[in-house]
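Beneath this line is the structure, given in structure tokens, with notes to follow.
The values are calculated or read from the model by the stated rules, or taken from the named source; none is laboratory data. On a predicted model such as this, the values are computed, not experimentally measured, just so you know. Cβ placement follows ideal geometry from the backbone for every residue including glycine, while neighbour counts extend to all protein chains displayed.
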Amino acid sequence: MKKKDLQKEDLPKLLNEKRENIKEFRFKSVAGGLKNTKELRENKKDIARILTILNKK
């Protein structure tokens with residue numbers, strides 16, 4: 001996800017989705033059903049990008 005792909009109106013919804021993905025990822029990691037371990041790092045970076053745009057004023 002690139003910064004220019006993000007629209008200010010969609011950011012709160014996208015932020016909630018990314019946070020839910022991280023929760024699901026953690027549950028899957030405990031259960032042992034993970035295939036893509038890179039997904040957690042990507043979601044965290046996406047959340048950081050979204051928060052940067054939202055806090056920038």
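For the range 28-47, taking the residues that are at pLDDT 85 or above and loosely packed, with under 10 Cβ neighbours inside 10 Å, the one that is nearest to residue 1 (Cα to Cα) is identified as 41. In the range 1-11, the qualifying residues are those that are surrounded by 10 or more Cβ atoms within 10 Å (Cβ to Cβ) and within 11 Å of residue 53 (Cα to Cα), and the one that is modelled with the lowest pLDDT is 6.
Criterion first (surrounded by 10 or more Cβ atoms within 10 Å (Cβ to Cβ), modelled with pLDDT under 90 and part of a helix (DSSP H, G or I)) does residue 14 satisfy it? No; evaluated as a whole, the condition is false for this residue. Based on this model, can you work out whether residue 19 counts as at pLDDT below 90 and surrounded by 10 or more Cβ atoms within 10 Å (Cβ to Cβ)? For residue 19, the condition - at pLDDT below 90 and surrounded by 10 or more Cβ atoms within 10 Å (Cβ to Cβ) - is not met.
Within the range 1-26, no residue that is among the β-branched types (Val, Ile, Thr) sits with its Cβ atom under 6 Å from a residue that is in a loop (DSSP other than H, G, I, E, B) and modelled with pLDDT under 90 at 6+ positions apart or across chains.
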